[in-house]
Amino acid sequence: MLVDSYRFLPKSFIPLYENPARIEGEDQPILTPFAPRLADATIGLLSSAGLSLSSEQAPFDLDGERANPMWGDPGYRVLPHELAGRPLTMSHLHVNPADIIADHNVALPSDRLDELVAAGRVGRAAPHHTSVMGYQEAGLAAWRNETAPAIVELLRSEGVDGVVLAPV
């Protein structure tokens with residue numbers, strides 16, 4: 001099955017993403033062995049859906065993105081593993097949020113992770129997960145230098161062994 005990543009982008013955006021330039025010093029993939037057995041590991045989730053807790057956290061900056069469509073809010077939100085029915089807001093101009101708001105597992109598969117834990121395939125779910133706003137090409141420096149290190153520090157402080165990336 002062919003996945004057309006450009007189908008919903010304006011045609012003028014295609015040259016910007018079709019053949020991205022490599023970042024200096026990163027010409028080879030970074031491969032890190034996964035040391036623990038998955039059945040003993042603590043796993044976190046990272047969603048690019050721009051999710052936040054509706055009444056408890058500020059949403060991602062959609063006004064900034066509307067003003068400059070090549071920019072994406074480089075922040076992140078920490079979400080508890082146990083959402084306990086707490087409603088989520090999705091801040092993403094490039095994706096229809098209806099399905100994700102109806103079932104957070106589409107973009108933050110915490111219930112699916114719980115099933116893997118219950119089946120003994122995964123050791124534990126992390127106590128917290130993170131969400132970022134996708135579409136970060138223009139804000140890559142802030143994301144690489146501030147957001148990603150902060151997320152890594154949170155994950156390490158909670159003993160997370162691995163992360164499942166849930167892109168939207």
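Below is a table of values for the structure above.
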read-out	value
Under-5 Å amide H pairs with Asp61, H placed in peptide plane, nonlocal only	Asp73
With Cα atoms, 0 to 90° folded angle of helix 148-157 axis to the chain main axis	0
Order by protection proxy (mean Cβ within 10 Å, highest first), peptides 112-120, 65-73	65-73, 112-120
Cα-centred dipole magnitude for the chain, charges only on beta-carbon of K, R (+1) and D, E (-1), debye, nearest 20	200
Linear extension gain, Ala58 paired with Ala35, 0.36 nm per residue minus alpha-carbon span	4.7 nm
Percent of beta bridges antiparallel (DSSP, region 36-166, rounded to nearest 5)	50
Estimated inter-spin distance, Arg112 and Glu24, nm [label 7 Å along Cα→Cβ]	3.9
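Every number in this text was worked out from the coordinates using simple rules, so none of it is lab data. These numbers come from a predicted model, not from an experiment. We place every Cβ from the backbone using ideal geometry, glycine too, and count neighbours over all the protein chains shown.
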